[in-house]
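Accompanying notes for the structure given below.
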Number of protein chains: 2
Amino acid sequence: MQTPFLVVDRGILAANIERAQRWADDRGLRLRPHVKTHKCVEIGRMQTDAGASGITVATIGEAEVFADAGFDDLFVAYPLWPSDEARARVAAVSARARVLIGIDSAEAAAGWAGTGSHSTDLLALKRSQNAVECDQFPETLSGPGGAGREVRALIEVDSGHHRSGVPAELAGELAVAAEACGLGVEGVFTFPGHSYAPGEGRAKAAGDEASALVSAADSLREAGVQPWVISGGSTPSLAATGSGLKESRPGVYVFNDAQQWELGSCGPDDIALTCHATVVSHAGGRLVLDSGSKVLGADRPPWASGFGRLLDHPDARIVILSEHHAVAELAGPLPPLGSTVRVVPNHACNAVNLVDALEIVEAGRRVATWAVAARGRNC
Amino acid sequence: MQTPFLVVDRGILAANIERAQRWADDRGLRLRPHVKTHKCVEIGRMQTDAGASGITVATIGEAEVFADAGFDDLFVAYPLWPSDEARARVAAVSARARVLIGIDSAEAAAGWAGTGSHSTDLLALKRSQNAVECDQFPETLSGPGGAGREVRALIEVDSGHHRSGVPAELAGELAVAAEACGLGVEGVFTFPGHSYAPGEGRAKAAGDEASALVSAADSLREAGVQPWVISGGSTPSLAATGSGLKESRPGVYVFNDAQQWELGSCGPDDIALTCHATVVSHAGGRLVLDSGSKVLGADRPPWASGFGRLLDHPDARIVILSEHHAVAELAGPLPPLGSTVRVVPNHACNAVNLVDALEIVEAGRRVATWAVAARGRNC
């Protein structure tokens with residue numbers, strides 16, 4: 001098989017899934033893993049089989065793929081905009097899965113109100129006919145939650161990443177506005193993305209996350225809305241998760257990557273995903289590999305030591321990355337021309353989204369090929 | 001249609017193609033555009049219809065897609081490694097197209113020697129039978145170049161980007177080694193990738209490119225090998241191309257992008273590719289768009305002012321980019337929630353490789369959908 005291609009070590013993958021689930025179980029936390037990392041039905045099943053309480057997705061397209069595969073409890077952890085097409089698609093998914101969405105504005109809340117498998121239009125039509133026909137959809141009229149029921153929302157809170165979300169103290173006000181429009185609110189969520197920082201960044205972000213979520217939940221209670229769900233989580237902050245959360249939504253922990261390795265959230269033995277690459281040149285006394293940004297992704301945060309690392313050469317760093325070249329510097333003799341090396345992408349989520357399939361190995365032997373079923377499902 | 005999706009303005013695309021071709025024609029340069037930027041058969045046809053002398057590809061997979069679509073003169077501008085599978089695939093492509101490949105080592109040259117549509121193994125088999133049968137393949141036995149002929153090579157030269165390629169003065173030595181193994185050499189090529197630098201970077205790289213190629217061509221001549229092809233080119237260095245080149249291989253010029261805009265290789269009116277994105281939030285008084293790194297790509301060179309720009313708000317900068325969020329700062333009133341804005345990716349090539357299709361507009365009206373036929377063809 002020609003390089004470059006992405007390989008998943010099933011043993012390490014399974015261990016990563018089990019460890020995170022056990023960690024959550026021990027703390028009485030629900031784990032709702034973010035499947036945007038792998039976009040792969042087989043891996044989602046491993047997560048729910050291990051005990052995950054539903055899954056998290058980033059887009060309606062991902063929700064469709066996983067609902068089609070039988071996943072029945074989905075949270076779209078994103079401030080989706082309620083266009084007509086988005087509403088119709090989410091309504092269709094909600095016919096076969098419980099669907100929660102994120103909101104961070106009253107405008108979005110108003111647009112999502114009344115969206116469900118009964119479909120606003122369909123229900124209006126039935127109502128205009130007669131009550132008997134309307135009885136065909138009894139489950140759509142009683143909430144909250146569950147397949148065939150109305151879509152409900154979590155209020156997104158900014159816990160310090162400063163991307164989307166409202167300040168914690170305004171969560172109650174938005175929840176009241178949403179419920180007044182007819183959109184049920186089940187709780188609050190945040191993404192402490194500032195956990196992607198070296199040094200004390202992970203612990204600080206975990207502290208910010210817990211305090212923002214606790215404040216936001218209080219804000220809901222004061223406004224008379226019960227926060228059934230209090231949801232946070234990111235892979236770097238996971239180990240330092242504070243009290244007050246009821247749910248965590250890590251994604252990258254299934255594979256880990258060079259970012260997690262450098263942040264200290266994992267060791268090299270916990271890395272389940274690598275890109276197999278061929279040494280195509282020794283130009284300039286460096287290693288030139290055929291794994292460029294079109295298979296690794298171009299992610300490089302300012303604190304990263306390079307564009308990716310080599311699993312079997314921990315001292316090596318990818319110093320130049322273009323579309324089909326990764327140039328690595330390392331001490332000692334270079335692996336020979338034509339040999340294969342295992343590259344660890346900086347960011348697993350973007351690498352996986354560049355390929356149609358993952359090659360699965362067990363004890364070094366290829367045992368399966370799994371489709372990246374939701375690859376490219378950006379909307 | 002739900003955002004995010006990539007849109008190409010056909011009028012601007014056609015103007016970019018025409019302008020570059022005219023520029024090359026005026027200088028007596030052959031233009032062999034790099035199709036890795038668009039991976040799209042329709043755009044490749046526009047380029048050859050305008051007068052391009054063949055096309056450039058980065059991978060065997062791209063060569064296969066374009067050969068299948070009838071393109072019959074392909075240069076794989078990459079130091080391909082000659083695995084058995086690579087040799088067989090390149091041989092198959094060479095049955096229907098002239099194929100040139102890049103080499104930068106004697107080891108790779110030895111591996112590629114004798115590869116062609118006659119296939120080493122097939123020819124050996126035929127020869128071992130009888131001369132009459134061998135006559136069925138007369139066209140495979142006379143070179144150089146052309147479909148149904150042996151694959152030939154260009155020597156890759158490092159002109160200052162320090163990625164792959166040999167020093168110019170060693171090009172002749174490698175050409176002799178290649179020909180001694182039986183791999184025909186047609187000339188030299190380089191990629192002056194250090195043209196991706198602000199200030200004087202573009203002009204300096206163009207100067208380095210010309211001097212390296214002229215030296216390398218001299219080195220071939222001194223070694224008794226005729227440099228029929230002397231090939232360089234990158235979009236930023238194009239306008240400053242020096243003398244001595246016979247061919248240029250720009251890629252990004254068809255679309256342009258935020259990098260080219262910032263380097264000064266294009267103006268905003270020359271940008272043919274944008275990502276249509278929805279304003280999903282005004283969190284923190286900033287614009288939060290649904291176009292993240294899974295549709296724009298994560299490219300951000302140190303000199304870039306952000307992770308991408310907004311075509312209709314030249315002062316705006318994308319200051320945070322995650323997989324499904326682009327957070328932009330801009331002066332003045334924010335475009336309203338739910339409205340659509342046009343985002344210019346930093347790097348067109350990586351953005352296009354993230355989608356299955358491009359929406360084509362003409363005077364603002366959608367006129368076609370073109371497949372990104374070679375998306376994901378990394379090997």
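No lab work stands behind these numbers, since they all come straight from the coordinates. Just so you know, these numbers come straight off a predicted model, no measurement behind them. Glycine also receives a Cβ, built like all others from the backbone with ideal geometry; neighbour counts cover every protein chain displayed.
Mind sorting A:230, B:155 by how few other Cβ atoms lie within 10 Å of their own Cβ, fewest first?
In order of increasing Cβ crowding within 10 Å: A:230, B:155.
Count charges around residue B:270 for me, please; just the other residues with Cβ under 11 Å from its Cβ, Lys/Arg as +1, Asp/Glu as -1.
Its environment carries a net charge of -2.
For the protein assembly as shown, rounded, prolate or oblate, judged on the Cα gyration tensor with a ≥ b ≥ c (square roots of eigenvalues), a/c < 1.5 rounded, else prolate if a/b > b/c?
Values: a/c = 2.00, a/b = 1.82, b/c = 1.10.
Prolate, since a/c reaches 1.5 and a/b exceeds b/c.
Among the listed pairs B:36/B:246; A:246/A:294; B:39/B:246, which are separated by more than 27 Å between their Cα atoms?
In this structure, A:246/A:294 exceed 27 Å between Cα atoms.
State, to one decimal in nm, how far the label point of residue A:363 lies from the label point of residue B:331, with both points 7 Å from Cα in the Cβ direction.
Output for this residue pair reads 6.7 nm.
Give me the extension gain from residue B:319 to residue B:15: residue separation times 0.36 nm, minus the current Cα-Cα distance, reported in nm with one decimal.
106.3 nm
For label points placed 7 Å from Cα toward Cβ, what is the shortest-first list of nm distances from residue B:284 to its copies?
Counterpart label points of residue B:284 in the remaining copies fall at 3.5 nm.
Of all the C-alpha pairs in the stretch B:31-116, what % are more than 15 Å from each other? The partial results should precede the final answer.
Details: 1935 of 3655 pairs.
Considering the stretch B:31-116, 53 percent of its Cα-Cα pairs are separated by more than 15 Å.
Using the Cα gyration tensor of the stretch A:315-379, with a ≥ b ≥ c the square roots of its eigenvalues, what is the shape: rounded (a/c below 1.5), prolate (a/b larger than b/c) or oblate (neither)?
oblate
Shape verdict for the stretch B:259-371, please, from the Cα gyration tensor: rounded (a/c under 1.5), prolate (a/b greater than b/c) or oblate.
It is rounded, given that a/c, with a ≥ b ≥ c, falls under 1.5.
Give the long-range amide H neighbours of residue B:360: residues separated by 5 or more places, or on another chain, with amide H under 5 Å away, using H modelled in the peptide plane at 1.01 Å from N.
Under 5 Å from the amide H of residue B:360: B:8, B:367, B:368, B:369, B:370.
Once you list every other residue whose beta carbon is under 15 Å from the beta carbon of residue B:206, what net charge do they have if Lys and Arg are +1 and Asp and Glu are -1?
With Lys, Arg at +1 and Asp, Glu at -1, the neighbours total 0.
What does the net charge come to around residue B:256 if you take all other residues with beta carbon closer than 12 Å to its beta carbon, with K and R at +1 and D and E at -1? All intermediate terms of the calculation are to be shown ahead of the outcome.
Numbers: positive: B:19, B:309; negative: B:9, B:257, B:262, B:269, B:270.
Around residue B:256, the charge tally is -3.
Just to be sure I understand: with springs between alpha-carbon atoms less than 10 Å apart, which residue in A:291, A:237, A:339 has the highest mean-square fluctuation in the Gaussian network model of chain A?
Evaluated over chain A, the most mobile residue of the options is A:339.
So what's the gap between the Cα centers of the stretch A:345-379 and the stretch A:64-120, to the nearest angstrom?
Rounded to whole Å, the Cα centres lie 26 Å apart.
To one decimal in nm, how far is residue A:363 from the same spot in the other copies, if labels go 7 Å from Cα toward Cβ? Please give the shortest first.
Distances to the matching label points in the other copies: 6.9 nm.
Using a label point 7 Å beyond Cα on the Cα-Cβ vector, give me the inter-copy distances for residue A:167 in nanometres, one decimal, shortest first.
Once sorted, the set of distances for residue A:167 reads 6.2 nm.
Before anything else, pin down the relative contact order of chain B: Cα pairs under 8 Å, at least 6 apart, normalised by residue count, whole percent.
19
I'd like the antiparallel share, as a percent to the nearest 5, of DSSP beta bridges with both residues in chain B.
50
Axis carrying A onto B: which residue of A has the nearest Cβ, and how far, whole Å?
Smallest Cβ distance to the axis, with its residue: A:298, 2.
Give me P(r) over chain B, computed from all C-alpha to C-alpha distances, binned every 10 Å, as integer percentages.
Cα pair-distance distribution for chain B, in percent: 5, 23, 30, 23, 12, 5, 1, 0, 0.
Counting only helical runs of four or more DSSP H residues, what would the 222 nm mean residue ellipticity of chain B come to if each run contributes -39,500 (n - 2.57) and the total is spread over all its residues?
Calculated at 222 nm, the ellipticity per residue is -9000 deg cm²/dmol.
Just to confirm my numbers, what's the Cα centroid distance between the stretch A:236-302 and the stretch B:202-275 in Å?
Centre-to-centre (Cα) distance: 34 Å.
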